[in-house]
Ligand code: MRU
């Protein structure tokens, strides 16, 4: 752990040659502390413990974890190094099961290493670092593109409801859902945001509100249970959230609570959009039924921060994500444009033209 810094927006994750530095998101916004990962296991722990979170940021961390494995490996041949990478990949993949970007990044790193088995370990190490840094750089470019396409959907003067944190902190920078909001503001529109607090980790209250306030974008935090009532009273014009995994038919896993927001949006005739890079779309699964939903420690519900609110005798169920069937989704904003229903053909087409 390294010391605190001033209160300006800092990079979510940085490659430092022989270690990785992450902003510890468990401590934000009250403390800005870095979490240092010197070995692949440290990165896996950081992902599990929510030091770094948000599907694209988890993907970037996974890429860097593989690069760190290559740097730390004592392998003396390309094939031995590939074995070390595969071993790391097997455990890393289980760190958080729902976020597809984790699997996507691991696959991308392994594919590159597999094409180089006859090269020297040194060459493979260099390539692993290069690939991990490309994942980070591309992610920021992709978010800007999503912002470009998505901002048109936000009317001037609109109030946007968002859930969890799909901002700079959840990505390499700029954000997916918050990137679209940022782009609308940059284009000169007046936009207000309502951010669900997002129990139990409070990503909306702690991270989304913090990011938007830093940018001077008006934001109000509401409890998760207030969203429906604000929709009904006409206070919300559009909903935009991120995604952790999207199936080939458009069914979308995102932070727990997203499903009920989508249903309520439809009931109140409010457009509901998902903003996500193509790296979040898992075309190998037909529908949301096949998405593995992560269940986390019940203590995350029984406690607020470190303080226990109830005793261990109270049972709690803590799914981290839910699945929104695609019939509730007005459109999916990607770096290649906006996909509308029917999603099976829309998603297929966008991958064909990739
Ligand atoms: O549990 P988290 O904080 O990793 O959940 C994050 C979300 O649900 C985000 O909406 C999603 O990963 C998209 S982030 C651009």
*Any residue at all in the stretch 205-214 that is farther than 20 Å from residue 152 by Cα, away from the ligand (no atom under 16 Å from the Cβ) and under 21 Å from the mean Cα position of the chain (by Cα)?*
yes
*Are any of the residues in the stretch 172-191 surrounded by fewer than 17 Cβ atoms within 10 Å (Cβ to Cβ) and within 22 Å of residue 277 (Cα to Cα)?*
yes
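Results for (1) in contact with a helix residue (DSSP H, G or I) (Cβ under 9 Å, 6 or more places away or on another chain); (2) assigned by TED's automatic domain parsing to the domain that holds residue 334; (3) farther than 25 Å from residue 14 by Cβ, shown as yes or no for each residue.
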site	(1), (2), (3)
182	yes, yes, no
188	no, yes, yes
197	yes, yes, yes
206	no, yes, no
234	no, yes, yes
246	yes, yes, yes
*Considering the stretch 145-168 alone, what residues qualify as being within 11 Å of the ligand (Cβ to nearest atom) and in contact with a strand residue (DSSP E or B) (Cβ under 7 Å, 6 or more places away or on another chain)?*
146, 162, 163, 164, 166
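Quick one: which helices (runs of 4 or more DSSP H) lie wholly within the stretch 1-112 and hold at least 2 residues that are surrounded by 24 or more Cβ atoms within 10 Å (Cβ to Cβ) and within 16 Å of the ligand (Cβ to nearest atom)? I'd like the intermediate steps shown before the answer.
Numbers: elements: 40-48, 55-72, 78-92.
Because the criterion is at least 2 residues that are surrounded by 24 or more Cβ atoms within 10 Å (Cβ to Cβ) and within 16 Å of the ligand (Cβ to nearest atom), the helices (runs of 4 or more DSSP H) in the stretch 1-112 that meet it are 40-48, 55-72.
Considering 336, 255, 286, which residue is within 23 Å of the chain's Cα centre (by Cα), within 29 Å of residue 63 (Cα to Cα) and without any contact (Cβ under 8 Å) to a residue 40 or more places away in the chain?
286
Every residue, every condition in (1) more than 11 Å from the ligand (Cβ to nearest atom); (2) over 16 Å from residue 292 (Cβ atoms); (3) part of a strand (DSSP E or B), yes or no:
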{"residue": "239", "(1), (2), (3)": "yes, yes, yes"}
{"residue": "249", "(1), (2), (3)": "yes, yes, no"}
{"residue": "254", "(1), (2), (3)": "no, no, yes"}
{"residue": "262", "(1), (2), (3)": "yes, yes, no"}
{"residue": "266", "(1), (2), (3)": "yes, yes, no"}
{"residue": "270", "(1), (2), (3)": "yes, yes, no"}
{"residue": "274", "(1), (2), (3)": "no, yes, yes"}
*State whether one or more residues within the stretch 49-72 are over 15 Å from the mean Cα position of the chain (by Cα) and over 18 Å from residue 130 (Cα atoms).*
no
*Please list, ordered by first then second residue, the pairs with beta carbon atoms under 6 Å, 6 or more apart or interchain, first in the stretch 23-47 and farther than 20 Å from residue 294 by Cβ, second modelled with pLDDT under 95 and part of a strand (DSSP E or B).*
34/2
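Could you list all residues from the stretch 231-247 that are touching a strand residue (DSSP E or B) at 6+ places or on another chain (Cβ under 9 Å) and surrounded by fewer than 19 Cβ atoms within 10 Å (Cβ to Cβ)?
235, 237 - these are the residues of the stretch 231-247 that are touching a strand residue (DSSP E or B) at 6+ places or on another chain (Cβ under 9 Å) and surrounded by fewer than 19 Cβ atoms within 10 Å (Cβ to Cβ).
The values are calculated or read from the model by the stated rules, or taken from the named source; none is laboratory data. Since we're looking at a predicted model, the values are computed, not measured. Because the Cβ atoms are built from the backbone with ideal geometry, glycine has one as well, and the counts that use them run over all protein chains shown.
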